[in-house]
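Please read the structure below before turning to the comments.
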Amino acid sequence: MSAALETLLEGRGLRSAALYSEQGEVLASAGDEQGTAGLLTPARAIVQTLEHTLKAEGWTELLLDLEGGPVLLTPGQSGQVLAVAFDDLSSLGRVRLGVRRALENLS
């Protein structure tokens with residue numbers, strides 16, 4: 001599992017990637033996942049609130065533009081969440097492509 005995340009981090013400007021279980025445990029990581037670990041619970045609360053308010057079923061991603069740099073949260077299988085921290089919003093398209101490939105390799 002970690003090999004897929006290490007490959008993801010080979011992209012320019014990516015700082016860390018971590019795959020979290022539904023319970024918030026780190027299943028695999030590359031780089032310093034400590035920067036994203038504290039975001040998981042509040043991010044899930046935001047997603048659940050939006051799903052309820054919008055009567056939506058499921059989500060595709062949540063982008064947080066933080067002072068330390070953007071973080072992209074993407075759902076995986078069985079309630080897992082892949083969190084990727086990167087340097088600049090202008091890299092978002094490249095990050096999304098890498099995340100999609102990493103999730104395919106993790107499944």
TODO: Could you tally the net charge around TYR20, taking each other residue with its Cβ under 13 Å from the Cβ of TYR20, Lys/Arg +1 and Asp/Glu -1?
DONE: -2
TODO: May I ask you to derive the relative contact order of the chain, considering only C-alpha pairs under 8 Å and at least 6 residues apart, and to give it as an integer percent?
DONE: 31
- [ ] Any chance you could get the radius of gyration and Dmax over the Cα atoms of the chain, in Å?
- [x] 12.9, 38
Task: Stokes-Einstein diffusion coefficient of the range 1-47, Kirkwood radius over Cα pairs, 4 °C, 1.567 mPa s, in µm²/s - done: 116
Open item on the list: Starting from 0.36 nm per residue, how many nanometres of slack lie between ASP88 and SER2 once their C-alpha separation is accounted for?
Closed with: 28.6 nm
TODO: Report the full-extension gain for the segment GLN34 to ASN105: residue separation times 0.36 nm, less the Cα-Cα distance, to one decimal in nm.
DONE: 23.3 nm
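No value in this document is a laboratory result; all are computed from the given coordinates. Everything quoted here is computed from the prediction, not taken from an experiment. Cβ coordinates were reconstructed from backbone atoms using ideal geometry, including for glycine residues, and neighbour counts include every protein chain displayed.
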